[in-house]
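Below is one structure, written out as structure tokens, with a few remarks after it.
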Amino acid sequence: MLKKARKERLIWLDIMITLLTLELMSYFYYGIRSVVLAGVCVITAFIAEIVSLRMMKRRFTADDLTCTSDAMILALMFPAVMDYKIAVIAVLFAVIAAKNVFGGRLNMIFSPAATAYIFVLTSWGHQLLQYTEPHVKTGIFETPTGLVNSASHTFNMTGNVDHTDFELLLGNFSGPCGSVSILLLVVAAVVLIFRRSISAGAFIGTIFGTGFFACVTPMISSRADSFKYSLVMNMVLFSAIYIVSDIRIAPKRNYYAFFYGLFIGVISYVLVLTMAKENAIVIVSVLFTPIALGFKNLEKRIEKAASEHTSEEDNEDSENVTAGKEMTVSE
């Protein structure tokens, strides 16, 4: 139990380090406003977790600090100029409704960040999908002006991307403040997979499903560009790392996790292709939660059957040993 708890804390630390790196890049592009937004989300999550656990007569432990990583993920999915009140409401919904109502940290069903994002999308969709241009820095309490649609919206509607590959790698295009830094996200994915802090199967399945269908049914004339932009836009890479591949939710075995990610990648691409749905992968990841639960139940049945088979073999071996001893004594 102690080893498992220590591993869980190390996973949280790995996730937080990569998220803080993304937040640093967000600060470079959008200024102090994005840092304050992340701080508001993290503090709100911390307080909400303590209060909700107290109401459920549970004790707050170091393992419950995972609420702060969920809050950071949500903050990085927001525009840098997101209204603080909306951000606070979203975090409260993530911690209380999406997580603790369903049993808390040990019984995760939905990704708290993804569920809260959908909640904000349905309630304040216009504010959620309006962004400032990179290098346009808004003060902590300033009212944002000159808001624009994301590059993902433009690509979904027109098939055009007015940015160079270098700009795309560095995240120099409009979108959620932490999910556009493609180069940092690739590094984060490699590190987290190597550290086994995310599900490798779910991540590979999501990328493969999205990329394969982008080549088979391209959104634009060039299959190579369709493959590239389909992975870069619509928070696909960010969601593949921090939402779909969350080991608290994804199936444990990489074989099942691959198909779980594959289904999410394919369906989300189809929604973007047919309906131009911005950031569809976040919605699909929540809708496909029953598939993750189904795979987990299948894994439990397999483990149970394997343990029963092993115990039967052990009993047979012990009976054979006992019989051999009895024969030896009688002789």
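Taking Cα atoms only, the orientation of helix 32-55 departs from the longest principal axis of the chain by about 40 degrees.
When the pairs Lys7/Lys296; Lys57/Lys296; Lys99/Lys304; Lys7/Lys228; Lys85/Lys296 are compared against a 25 Å limit on Cα-Cα distance, Lys57/Lys296; Lys99/Lys304; Lys7/Lys228; Lys85/Lys296 fall above it.
Structural descriptor for the stretch 134-230: relative contact order 16 percent, calculated from alpha carbon pairs under 8 angstrom and at least 6 residues apart.
Taken about its Cα centre, the stretch 153-242 carries a charge dipole of about 360 debye when Lys and Arg each add +1 at the Cβ and Asp and Glu each add -1 at the Cβ. How far is helix 66-77 tilted off the main Cα axis of the chain, in degrees rounded to 10, range 0 to 90? Roughly 30 degrees, rounded to the nearest 10.
Taking every protein chain into account, the accessible area of the chain amounts to 49 square angstrom per residue (probe 1.4 Å).
Which number comes out as Rg/Rh for the stretch 111-234 once both Rg and the Kirkwood Rh are worked out on C-alpha atoms?
Here Rg/Rh amounts to 0.98.
Relative to the longest principal axis of the Cα atoms of the chain, helix 182-194 runs at roughly 10 degrees.
Rounded to the nearest 20, the Cβ-based charge dipole of the chain about its Cα centre (Lys and Arg +1, Asp and Glu -1) stands at 820 debye.
How far is the Cα center of the stretch 134-151 from the Cα center of the stretch 1-68, in Å? What the calculation gives is 26 Å, centre to centre.
Computed in the context of the full set of protein chains, the accessible area of the stretch 1-127 at 1.4 Å probe radius has 71% of its extent on carbon or sulfur. For the chain, the relative contact order is 16 percent, taking Cα pairs closer than 8 Å that sit 6 or more residues apart in sequence and dividing their mean separation by the residue count.
Normalised by residue count, the chain yields a Cα convex hull volume of 153 Å³ per residue.
Which whole-angstrom value gives the distance between the alpha carbon centres of the stretch 107-129 and the stretch 246-299? What the calculation gives is 16 Å, centre to centre. Can you find, among Thr115, Phe155, Val186, the residue farthest towards the positive end of the dipole of the chain? Put +1 on the C-beta of Lys and Arg, -1 on that of Asp and Glu. It is Thr115, whose Cα lies furthest towards the positive end.
The values are calculated or read from the model by the stated rules, or taken from the named source; none is laboratory data. None of these values were measured; they are calculated from a predicted model. Cβ sites come from the backbone with ideal geometry, for glycine too, and all protein chains shown count toward neighbours. Areas reflect the complete protein model, heavy atoms only, side chains present, ligands, DNA and RNA absent. Shrake-Rupley method; radii C 1.70, N 1.55, O 1.52, S 1.80 Å.
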